[in-house]
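The values are calculated or read from the model by the stated rules, or taken from the named source; none is laboratory data. This is a predicted model, so every value here is computed, not measured. All Cβ positions, even for glycine, are placed from backbone atoms using ideal geometry, and neighbour counts span all protein chains on display.
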Amino acid sequence: MPDHGILSMLVNGVQQPAPPPGHVATEPAASAAPAVRPSMRTPENRQHTRLINRMIRDGERIVDIIPYNASVDPTAFAFLPFLWKRLLDDGLLSLYSFNDPETSFGSFVTLFNDSAVWKLLFVLKDPSDLDEDGQPKITDCFGFATWTLSPMYGQMVGTIGFIFLKDYWGREATLAAARAGMRYWFETMQVPYGGDGEMTNMDVAIGYNPLANRMVQQFLPRLGWTRCLPPIPIPAYYDGGTSDTVIWFITKESFEQSEAEASAQEDSANDGQAMNAPAPSEAMDVSVVPDVPEAAE
């Protein structure tokens, strides 16, 4: 288990990246703003997402994961209130639960201490700023995944859940984090299986999602997940109401295949760029990188 003490740096304030050139901060309008539903983002969320996406593409930030359990984190007394407050302020606690979010801290702490529920933190790191061990420092924690494991007739099945802060509801960070999580489940994670000391990792990942959550219905196919049809008539709460439940899954074999295909596409793209690279006199100005379109909400 890694040392999580480094996460205490986040409690003293998230290190937000500098605003883009020409950005001018403005005061909020004096008139009352219309109510924003938990599933909606503000213009500030979108601006931050575009900035983070650009920084990831340019290599100024990298996405990483940290297996986490609060019971072995010496800074949990500070980190858990910090993370819970960010979820509360982002409206995410009321997005997924009809219970009063203001009184949810106790159950939040229980979740992060429960050894039966596995957790991964999704973090952003600055490769230009190294700690005393030569590792990139964490600049933000922007979400987490939870899962439980069930052995079923020779297969290890995980029931998965993701949550990301709204500032990161774009392609770069969330897709990179989810893919890193799947690599952990299908390749890195080791759990005991059977009584002879045998170790295994996950064979199948399953997710249960409200049909009303349109973003996740668009997000999971990009990760190679398969949707089971039709939705099942089990009420699932989302954003002030309930809807039927959609089941998604991905197997270890299909994940490995998608990883191999993505690697082959990347190699092919790199080969094409090398063959078509302009001569020095024809070098193009790449100082402006176009934004990647964000996922629809």
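Could you list all residues from segment 233-259 that are part of a strand (DSSP E or B), of a type in the set (Gly, Ala, Ser) and surrounded by fewer than 16 Cβ atoms within 10 Å (Cβ to Cβ)? Before the answer, list the steps.
Of all residues in segment 233-259, those part of a strand (DSSP E or B) come to 233-238, 241-251.
This time we only want the ones that are of a type in the set (Gly, Ala, Ser), so: 236, 241, 243.
Listed by number, the list holds a single entry, GLY241.
Condition test on VAL216, is it of a type in the set (Val, Ile, Thr) and modelled with pLDDT under 95? Can you show your working first?
Values: of a type in the set (Val, Ile, Thr): yes; modelled with pLDDT under 95: yes.
Here the answer is yes, as VAL216 does meet what is asked.
Pairs please, first residue from segment 148-166 and under 17 Å from SER39 (Cα atoms), second anywhere and assigned to a strand (DSSP E or B) and aliphatic (A, V, I, L, M), Cβ atoms under 9 Å, 6+ apart in sequence or on different chains.
Every condition considered, the pairs that remain are GLY161/ALA145; PHE162/ALA145; ILE163/ALA145.
Out of the residues in segment 153-203 that are at pLDDT 90 or above and basic (Lys, Arg), state the one that is farthest from TRP118 (Cα to Cα).
Looking at the filtered set, the residue picked out is LYS166.
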